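The values are calculated or read from the model by the stated rules, or taken from the named source; none is laboratory data. Here the structure is a predicted model, which means the values were calculated and not measured. Ideal geometry is used to build each Cβ from the backbone, glycine not excepted, and the neighbour counts take in all protein chains shown.
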Amino acid sequence: MFSPLLLRAGLRYMLRHRWQGLLALTGIVLGVAVVLAVDLANSGARAAFELSAQQLQGKATHRLVMPGGTLPDEVYVALQRQSGAPPMAPVVNGWVEIEGWPGRLRLAGFDLFAEGPFRSELAGVSSQVGFTTDWLTQPGALVLGESLARALDVAEGESLDVLYRGKSATLTVLHVDSSASAVADDLLLVDIATAKSVLQMEGELSYVDLILDADAEAWIRQRLPAGVELQTALEQAQGVTRLSAAFELNLTAMSLLALLVGMFLVFNAMTFSMVQRRNLFGRLRAIGVTSRELFRMVLLEALILAVLGTLIGLLLGVWLGQGLTRLVAATVSELYYNVSVTALVLDTGSLLIAIALGVLATLIATLVPAWHAARTPPLTTLSRSALEQAARHAVPLWGLFGVALLLIGLTLALVLPGGVIMSFAGLFSLVLGAAMMTPMVIRLLHSLLARAAPPGIWRMGVRDLDRHLSRLGIAVAALMVALSASVGVGVMVESMRGSVNTWLSDLLNADLYVAAEGFDQGAQLTPSLVEDVARLQRVDAISRYRERKLPIDGRRVEVIGAHLAEPSRQGFALLSGASSAWQAFDEGAVLVSEPLAWHLGLAPGDTLELPTVDGPLVVKVAAVFRDYASEHGRVFMDEKLYERVWPGQPLNTLALFARDGDVEAMRREVSELAAEHAIVITSAGAILRESMAVFDRTFRITEVLRILSLIVAFIGVLSALMALQLERGKEYAVLRALGLTRGQIAGLISGESLLMGLLAACVALPVGILMAWVLIESVQRRAFGWTMPFGVDGVLLMQTVLVGLLAAGLAALYPAWRSAHADPAPQLRED
Amino acid sequence: MLRGCSLLMLLLSAWLLTACGQEPPPPAATIRVDEAMGGTPDPDFARAFEPRAFSFPGDHGPHPDFATEWWYLTGNLESDDGRRFGYQLTLFRVGLRPGEAVQDSDWRSNQVYMGHLAVSDIAAGKHYSAERFGRAAAGLAGATSRPFEVWLGPWGLHSDGDFFPLELEAQDDGFGLSLQLLAGDKPMVLQGERGLSRKSATPGNASYYYSFTRLPTTGEVSIGDAIYRVQGNSWIDREWSSSALDTDQAGWDWFALQLEDGRELMFYQLRTREGEMHAFSRGVLVERDGGVHELSPEQVKLTPLRYWQADDGTAYPVEWRLQVPGLELDLSVQASLDDQLMDHTVQYWEGAVDVSGSHAGRGYLELSGYAGGP
Amino acid sequence: MIKVDNLTRIYQTGSNRQVVFDALTFEVEKGETVALLGASGSGKTTLLNLISGIDTPDAGQVLIDGVDVHALGEPQRTLLRRRQIGFVFQFFNLIPTLTAGENVALPLELLGSDDRAARERADALLEQVGLGGLGMRYPETLSGGEQQRAAIARALVHQPAVLLADEPTGNLDEDTGRLIIDLLTALARQQGTTLLLVTHSMQVAQAADRVLRLSHGRVEAVTVP
């Protein structure tokens, strides 16, 4: 039996104390919204990747590839002529550029006649008479999706110039596909003949898709030519999703952060509304409301608030998510390839997490306050001071619990073996523990401050803080979490930025770099150019590089065959095996990048197997070098060895060192060569700038999310302060009656608030640095395999303190104004 | 013979409409298919205006100046223990555009090949069929005259000599053929006017058409894991043209009958939209010694006797009475198996038949233009 | 009806030990109106809290209608209060977020009567205490006297056996206070409710059938002039 009047009393309380009800609701709304938004952005990016990958993969179960290269036409032609051949579809694709268009687009060439069993959506776009004829016979015939056509501003019949390896080709739009799912946003769909022509892949295929059952797989395996590899669709999918792993990890960390801050906000809001109503609960208890009834009333009230807050939060989250998703899409487009997120992907997982946070976290956060409320003695026989006393007694207990969680977190992240998930679990535990410790730390800091504070009103402010620890503790903890996360992520990004910068500056120590036009699409230098450069007068030394990607243990490892001039060698930061590394290198051992060494557990002296046409090539590891170029890993080997294994491959890059340091003279000489060769001449500085710009773009979304979490924390502090100051209205009225001026009251409130911000920041700094440490040592290491020197930026730390103070200061404005302007008389009269 | 002439255009369009998309073609698209059927090929293609001097083995190979061409093989086979099979392998060449393709890539071609393969296991009451497409580039599909070869992926015909003995290889998922066709005693038959077969009154709406009407055949038929050694007789039609169906023609019924007395009868009835026999329907009776009697509509009387209904409701006349009073022929032609439906991009019925009545024999029957619309 | 037997309550704060009552014993008959007179700090409120089971004694018993209040568990004590005891406080203690009518109806609702019946009875009682037509008003819009009338209505609405009034006039002016006491005693007598009235005012105490004085932890009978 539950009394509706009781519930009405509770809900009317929320209505009556609109600010408080609103802030409690805001806590839930924001928590839900931020978590949902980040999750939506995350799944939006993932869905874009998956759609593209899936569309290209179609119903294929396997794929024939030539590791590190392209597949000769003959492999496919010969197989498809044999009786009993399973369904096969040849594919030629590559990335092309379009002038004035950021990012690259995937040009995919198919043979429609082979596509039937594979990519029915793709083949299905050809629903016009005459289509087949034009598609097959008209060079450059192009099909693309409606949204991409709109973005590129092309219509059927119009032409589009694409750039590949410095060569331009003209495509003509044959058909704009308007069906919902047919053509992904980044796809330029052409006949395989057109693709071969544009991508300069005469006689070569990117791969052949297959649909195989066990028998057919055996059939294929018996007929596989040397060097050709049969991969499963699963292996393929992993390759594609890996591309975005770094980016996604970034977002996941942010989502977790939002979840944590959201939970604190809800907890904060609910605790407040409970503490404030002790009087009311006392009266109810006196007239015969049982503990259980009170408990249920509070929970029901929280549930209503939670449902309402969650609903609004979901709406806000979807709206916010659209913005974030656009931002993510923009970043992905610039860094990887074009995705335009036209529709938001509302996946059930994201929604469930957000709803769980809104409803469950609110209820869980209410349990403790509700339990306290239910235990309210009839009438308020316990004074506020007794209540605060109880809260103070709980502080060390929470603190101990917090220390334990913090230690568990560190153990999970740094001591126990495990993957990235484990690292994140550790990080979560660490932050939660730190938050629980916060009141205890505040107490300690406070005892120092209390002695130092000047007498009078300031000392009063300091004392108040300790007195109101039961309510302020949580608000400070919420602010602390937001600030420390900001510090943690900030320090990590800064450390990484610094490391990447140092690494690149060291590595790119040549004066000029020469590559073929379209090098980013794999264009290579012609041998004649290499000879010409070698003859130049002003060139003192040359390093030569050629590369290919090889699958090693499910990773796409870049293998680089290099002739390294002495200064180039000095650019390598060798982490182990330094002493005799170069001698070993010259004798056929290889340099392995740190991520690859970490994932394969390689150390100098170990051996590594590289797949080649003639079976695995076993090489010895000379040294491990610091590298952030690829999370998949890179292997450097001497040019001579590379030539022996993969003969006749043109060079990708030349690094030139100027004679007598006269870079300009050398540049003039090299530039003359550019007239007859399609080459790009770049200085190390330009590459460095471009690389750092890419780095900053990757982390732009991190910045946005940091600000978002600070806004959430700010609202948390605001709600805490408001509730507190409003509750203390009578106290202020008494002080006013005793003769404090309005200014002094406002000052008292602002001072307390700023003190709170300062304390939160003080706790946040070490916690944030600890977080950064875990992020670098555990998360980054386990996810990517690289390490980096830990660099704490003083400016960032100062910023954090300022942001904390600013948030607290802003949060104090309204309560200060209101309390100072309130007429003391009615408050004094009220009981 | 008309088979495939416009059918090919229709098949290509329809394949893209139905086979690739999961949805049936929208009504508007169907109308366009209809238009495509009546449409004339690019005027730059060569046309058959008058009889030509055939030259072999060159003419066994492709004629890319013409829009369409086919190598059409059917036959009745029997295993050593008397199990009966019918088979069909059709390889079509279609010129999408006249002349050489723009050579931007080795994979570019103006020529496309389509293949239909079918085996009727009469005793088991089963009919197996498959369809393939391929471009005539990069070795995916093509034809040469010396040595003779036509291929489309794993399906193909080839000869180490000029044409015979002819090896046929065609395997698909679950069934296949591996046959050798010998020249036999019968000479090549030039259809129509010395090999020029007119399809309508419009000049140039004609094809070059010759046949081998009785080719002793041996080899293997495989169905599932079973392999049957077989022998029997095959029939080859070779035809190329750049013509199209006239607007008043709805479809055709084509008979290729090998009589036990050593004669063969071929007759195609072009049906008007009203279901009447069109004036340009033609046929030929090949004597034991290779002598021919041309058959015109006035000489032949065709009566459908029984219909078999496909799953989609289309009724196919699978039993006929074929009368040529002038030659004292009164034949009953019955499908050896009712369901020999070729249900691919375009639906038609093609299968082995038994001949009885005034003369006994076996043969092949093709019924087209019955399913929805044209 | 109320039997207080050897009741002892000692407050212990640090080394400071304060004996509020020591073996306090008295009885109130059913339907009787008894005033408990005492100076500030004599432990009047503590005594009421002990009788209603809000506070716990260090020794002794409180029997209400023969039931030992402190032998009951907490939930049973709360239910005893809900059914048997009505409260009138010095500071009215109305629920600020419920209207006067809802405040009065609340005890009935807690006892499980349906909403409609509860509201009708509440309205009738408000009429009786002279607040007819004010049932829709929130407590803060009522004067002190009106609030206390509403509180009296709330205390009596479920016809408790015992009504405990703690300085019901303490927050009211003299005239209003007199009217309130008259109302309280009249209603208690009319319903046959046992009324224990705690006050520091002799004038208020005069309205009772019997007056007891509480001083130094003991009770003594006082002769009403």
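Scan the stretch A:3-16 and report the pairs whose first residue is facing chain C (nearest Cβ under 7 Å) and free of Cβ contacts under 8 Å to residues at least 40 places away in the same chain and whose second residue is buried (at least 20 other Cβ atoms within 10 Å of the Cβ) and of a type in the set (Gly, Ala, Ser), with Cβ atoms within less than 8 Å and a gap of 6+ or a chain change.
A:5/C:105
Determine whether the stretch A:625-632 contains at least one residue that is closer than 16 Å to residue A:67 by Cα and not in a helix (DSSP H, G or I).
yes
In the stretch C:81-102, which residue that is more than 8 Å from every other protein chain (Cβ to nearest Cβ) and part of a helix (DSSP H, G or I) is farthest from residue C:143 (Cα to Cα)?
C:84
Would you confirm whether or not the stretch B:221-239 contains a residue that is outside any loop (DSSP other than H, G, I, E, B) and touching a helix residue (DSSP H, G or I) at 6+ places or on another chain (Cβ under 8 Å)?
Among the residues of the stretch B:221-239, at least one is outside any loop (DSSP other than H, G, I, E, B) and touching a helix residue (DSSP H, G or I) at 6+ places or on another chain (Cβ under 8 Å), which makes the answer yes.
When you check residue B:163 against the structure, is it more than 10 Å from chain A (Cβ to nearest Cβ) and at negative phi, yes or no?
yes
Going residue by residue through the stretch A:278-288, is there one that turns out to be surrounded by fewer than 24 Cβ atoms within 10 Å (Cβ to Cβ) and either away from chain C (no Cβ under 14 Å) or at pLDDT 80 or above (or both)?
The answer is no, given that none of the residues of the stretch A:278-288 is surrounded by fewer than 24 Cβ atoms within 10 Å (Cβ to Cβ) and either away from chain C (no Cβ under 14 Å) or at pLDDT 80 or above (or both).
Can you name every residue in the stretch A:582-604 that is over 32 Å from the mean Cα position of the chain (by Cα) and not in a strand (DSSP E or B)?
Of the residues in the stretch A:582-604, the ones over 32 Å from the mean Cα position of the chain (by Cα) are A:582-590, A:604.
Result: A:582, A:583, A:584, A:585, A:586, A:587, A:588, A:589, A:604.
Would it be correct to say that residue B:211 is in a strand (DSSP E or B), at pLDDT 95 or above and small (Gly, Ala, Ser)? Talk me through it step by step, then tell me what you get.
On the way: in a strand (DSSP E or B): yes; at pLDDT 95 or above: yes; small (Gly, Ala, Ser): yes.
Judged against the criteria, residue B:211 is a match.
Could you grab me the full set of residues in the stretch B:337-374 that are of a type in the set (D, E, K, R), surrounded by fewer than 20 Cβ atoms within 10 Å (Cβ to Cβ) and over 27 Å from residue B:325 (Cβ atoms)? Walk me through it before giving the result.
Here is the first cut: in the stretch B:337-374, the residues of a type in the set (D, E, K, R) are B:338-339, B:343, B:350, B:354, B:362, B:366.
Of the ones still in play, those that are also surrounded by fewer than 20 Cβ atoms within 10 Å (Cβ to Cβ) are B:338-339, B:343, B:354.
Answer for the stretch B:337-374, where residues must be of a type in the set (D, E, K, R), surrounded by fewer than 20 Cβ atoms within 10 Å (Cβ to Cβ) and over 27 Å from residue B:325 (Cβ atoms): B:338, B:339, B:343.
Do we find that residue B:112 is of a type in the set (Val, Ile, Thr) and either at pLDDT below 95 or touching a helix residue (DSSP H, G or I) at 6+ places or on another chain (Cβ under 9 Å) (or both) in this structure? Walk me through it before giving the result.
Values: of a type in the set (Val, Ile, Thr): yes; either at pLDDT below 95 or touching a helix residue (DSSP H, G or I) at 6+ places or on another chain (Cβ under 9 Å) (or both): yes.
Against the criterion (of a type in the set (Val, Ile, Thr) and either at pLDDT below 95 or touching a helix residue (DSSP H, G or I) at 6+ places or on another chain (Cβ under 9 Å) (or both)), residue B:112 qualifies.
Just checking: which of the strands (runs of 3 or more DSSP E) contained wholly in the stretch B:298-353 hold 1 or more residues that are within 30 Å of residue B:132 (Cα to Cα) and within 19 Å of the chain's Cα centre (by Cα)? I'd like the intermediate steps shown before the answer.
Numbers: elements: B:301-309, B:315-324, B:329-335, B:341-343.
Of the strands (runs of 3 or more DSSP E) lying wholly inside the stretch B:298-353, those with at least 1 residues that are within 30 Å of residue B:132 (Cα to Cα) and within 19 Å of the chain's Cα centre (by Cα) span B:315-324, B:329-335, B:341-343.
Among the residues of the stretch A:508-527, is any charged (D, E, K, R), modelled with pLDDT under 80, in a helix (DSSP H, G or I) and crowded, with 20+ Cβ neighbours inside 10 Å?
no
For residue A:68, only one of the following conditions fails: (1) modelled with pLDDT under 80; (2) out of contact with any Lys or Arg (no Cβ under 8 Å at 6 or more places or on another chain). What is its number?
Tallying (1) modelled with pLDDT under 80; (2) out of contact with any Lys or Arg (no Cβ under 8 Å at 6 or more places or on another chain), residue A:68 fails exactly one: (2).
Within the stretch A:635-681, can you find the residues that are in a strand (DSSP E or B), surrounded by fewer than 20 Cβ atoms within 10 Å (Cβ to Cβ) and touching a Leu at 6+ places or on another chain (Cβ under 9 Å)?
Across the stretch A:635-681, the qualifying residue is only A:681.
Go through the residues of the stretch B:146-158 one by one and say whether even a single one is crowded, with 22+ Cβ neighbours inside 10 Å, at pLDDT 95 or above and closer than 30 Å to residue B:279 by Cβ.
No, that holds for no residue.
Quick check, is residue B:143 closer than 19 Å to residue B:66 by Cβ, of a type in the set (Gly, Ala, Ser) and within 7 Å of chain A (Cβ to nearest Cβ)?
No; evaluated as a whole, the condition is false for this residue.
Given the conditions (1) buried (at least 19 other Cβ atoms within 10 Å of the Cβ); (2) basic (Lys, Arg); (3) over 19 Å from residue B:46 (Cβ atoms), report the number of the one that residue B:199 does not fulfil.
Condition (3) is where residue B:199 drops out.
Filtering the stretch B:114-131 down to residues that are closer than 13 Å to residue B:89 by Cβ and surrounded by fewer than 21 Cβ atoms within 10 Å (Cβ to Cβ), which residue is nearest to the other protein chains (Cβ to nearest Cβ)?
Of everything passing the filter in the stretch B:114-131, B:131 is nearest to the other protein chains (Cβ to nearest Cβ).
I'd like the residue in the stretch B:146-160 that is within 14 Å of chain A (Cβ to nearest Cβ) and among the aromatic types (Phe, Trp, Tyr) and, out of all such residues, is farthest from residue A:202 (Cα to Cα).
Per the criteria, the residue is B:155.
Looking only at the stretch A:540-556, count every residue that is at pLDDT 80 or above and either under 24 Å from residue A:567 (Cα atoms) or outside any strand (DSSP E or B) (or both) and tell me the total.
10
Has the stretch B:201-222 got at least one residue that is closer than 16 Å to residue B:362 by Cβ, of a type in the set (Lys, Arg) and within 19 Å of the chain's Cα centre (by Cα)?
Yes, some residue in the stretch B:201-222 is closer than 16 Å to residue B:362 by Cβ, of a type in the set (Lys, Arg) and within 19 Å of the chain's Cα centre (by Cα).
From the list C:156, C:172, exactly one residue is at pLDDT 85 or above and of a type in the set (A, V, I, L, M). Which is it?
Just one listed residue meets the conditions, C:156.
Among the residues of the stretch B:88-114, how many are on the phi < 0 side of the Ramachandran plot and not in a strand (DSSP E or B)?
14
Would you point out which residue out of C:169, C:97 is crowded, with 21+ Cβ neighbours inside 10 Å and farther than 25 Å from residue A:11 by Cα?
Step by step, each of C:169, C:97 is checked, and only C:169 is crowded, with 21+ Cβ neighbours inside 10 Å and farther than 25 Å from residue A:11 by Cα.
Hey, could you check the stretch C:103-115 for residues that are assigned to a helix (DSSP H, G or I) and facing another protein chain (nearest Cβ under 8 Å) and say which is nearest to residue A:17 (Cα to Cα)? Spell out the reasoning first.
Step one: list which residues in the stretch C:103-115 are assigned to a helix (DSSP H, G or I), which gives C:103-110, C:115.
If we keep only those that are facing another protein chain (nearest Cβ under 8 Å) too, we end up with C:105-107, C:109-110, C:115.
Numbers: C:105: 23, C:106: 22, C:107: 25, C:109: 25, C:110: 25, C:115: 26 Å.
Restricting to residues being assigned to a helix (DSSP H, G or I) and facing another protein chain (nearest Cβ under 8 Å), the top hit is C:106.
Do you know which residues across the stretch B:167-220 are among the hydrophobic types (A, V, I, L, M, F, W, C) and free of Cβ contacts under 8 Å to residues at least 40 places away in the same chain?
Answer for the stretch B:167-220, where residues must be among the hydrophobic types (A, V, I, L, M, F, W, C) and free of Cβ contacts under 8 Å to residues at least 40 places away in the same chain: B:182, B:183, B:188, B:212.
Can you work out which of the residues in the stretch C:70-80 that are assigned to a helix (DSSP H, G or I) and of a type in the set (A, V, I, L, M) is farthest from the other protein chains (Cβ to nearest Cβ)?
So, considering only residues that are assigned to a helix (DSSP H, G or I) and of a type in the set (A, V, I, L, M), the one farthest from the other protein chains (Cβ to nearest Cβ) is C:71.
Only one of these conditions is not met by residue B:99: (1) under 23 Å from residue B:225 (Cβ atoms); (2) within 14 Å of chain A (Cβ to nearest Cβ). Which number is it?
So the condition that residue B:99 fails would be (1).
Hey, among the residues in the stretch C:46-61 that are outside any loop (DSSP other than H, G, I, E, B) and either closer than 12 Å to residue A:286 by Cβ or not hydroxyl-bearing (Ser, Thr, Tyr) (or both), which one's nearest to the other protein chains (Cβ to nearest Cβ)? Talk me through it step by step, then tell me what you get.
Taking the stretch C:46-61 as the starting set, the residues that turn out to be outside any loop (DSSP other than H, G, I, E, B) are C:46-51, C:59-61.
With the extra rule that they be either closer than 12 Å to residue A:286 by Cβ or not hydroxyl-bearing (Ser, Thr, Tyr) (or both), the set shrinks to C:47-51, C:59-61.
Details: C:47: 14, C:48: 10, C:49: 7, C:50: 12, C:51: 12, C:59: 20, C:60: 19, C:61: 20 Å.
Restricting to residues being outside any loop (DSSP other than H, G, I, E, B) and either closer than 12 Å to residue A:286 by Cβ or not hydroxyl-bearing (Ser, Thr, Tyr) (or both), the top hit is C:49.
Wholly within the stretch A:160-260, which helices (runs of 4 or more DSSP H) include no fewer than the required count, namely at least 2 residues that are at pLDDT below 90?
Counting at least 2 such residues, we get A:214-223, A:233-242.
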